[in-house]
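J.: I am attaching a structure below and will ask some questions about it afterwards.
The values are calculated or read from the model by the stated rules, or taken from the named source; none is laboratory data. Just so you know, these numbers come straight off a predicted model, no measurement behind them. Note: ideal-geometry Cβ built from the backbone for every residue, glycine included; neighbour counts use all protein chains shown. Protein only, heavy atoms only, side chains kept; ligands, DNA and RNA dropped before computing areas. Shrake-Rupley method; radii C 1.70, N 1.55, O 1.52, S 1.80 Å.
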Amino acid sequence: MAPIWPNAGFLLAATVAASAAAESPVTFDAALFAAAQREGRTIVVETYAPWCLPCRVRGPVLRDILRRERYRAILFLRVGEKTVDADWKRIGAKRYGMLHIYKGPQRVAAGAATREDEIVAMLERAR
């Protein structure tokens with residue numbers, strides 16, 4: 001006998017993934033980045049590597065901040081070790097462990113902040 005809701009597991013998994021996406025970084029996508037810039041959205045681009053200590057310290061702090069109602073509309077992208085050089089150049093990044101904050105096409109902040117107050121101050125520059 002076939003299940004009544006054969007796709008229920010898929011729908012549940014998609015819902016869980018969508019709710020996690022707001023606070024989890026999305027692998028850098030140049031088209032998504034450009035669209036968000038055209039829309040004037042606030043964008044956080046993190047240059048990340050698993051061996052980078054500031055990256056690992058910042059991760060949970062940044063996720064907690066981005067869960068807050070005030071920051072939920074922010075697009076959170078991650079540039080990593082497998083990201084092509086053209087995308088690193090697109091955001092003006094040169095090293096790991098950095099946050100680049102954009103408001104539309106304008107980069108409003110960049111730094112290696114790891115503390116909550118520092119990250120919030122950077123985000124507030126984009127509001």
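J.: Select from Gly111, Met98, Val84 the residue farthest towards the positive end of the dipole of region 52-127; place +1 on Cβ of Lys and Arg, -1 on Cβ of Asp and Glu, and compute about the Cα centre.
T.: Val84
J.: Something else about it: Please give the Cα centre distance for region 31-55 versus region 60-127, rounded to the nearest Å.
T.: When both Cα centres are located, 5 Å separates them.
J.: Could you order Asp87, Asp117 so the one with the most accessible surface comes first? Probe is 1.4 Å. List each step's numbers first, then the result.
T.: Details: Asp87 20, Asp117 95 Å².
Highest to lowest solvent-accessible surface, that is Asp117, Asp87.
J.: Still on this structure: Compute, for region 16-98, the length of the dipole vector about the Cα centre, with Cβ point charges of +1 (Lys, Arg) and -1 (Asp, Glu) only. Units Debye, rounded to 20. Working shown, then result.
T.: On the way: 15 positive and 9 negative charges, 42 e Å.
That gives region 16-98 a dipole magnitude of about 200 debye.
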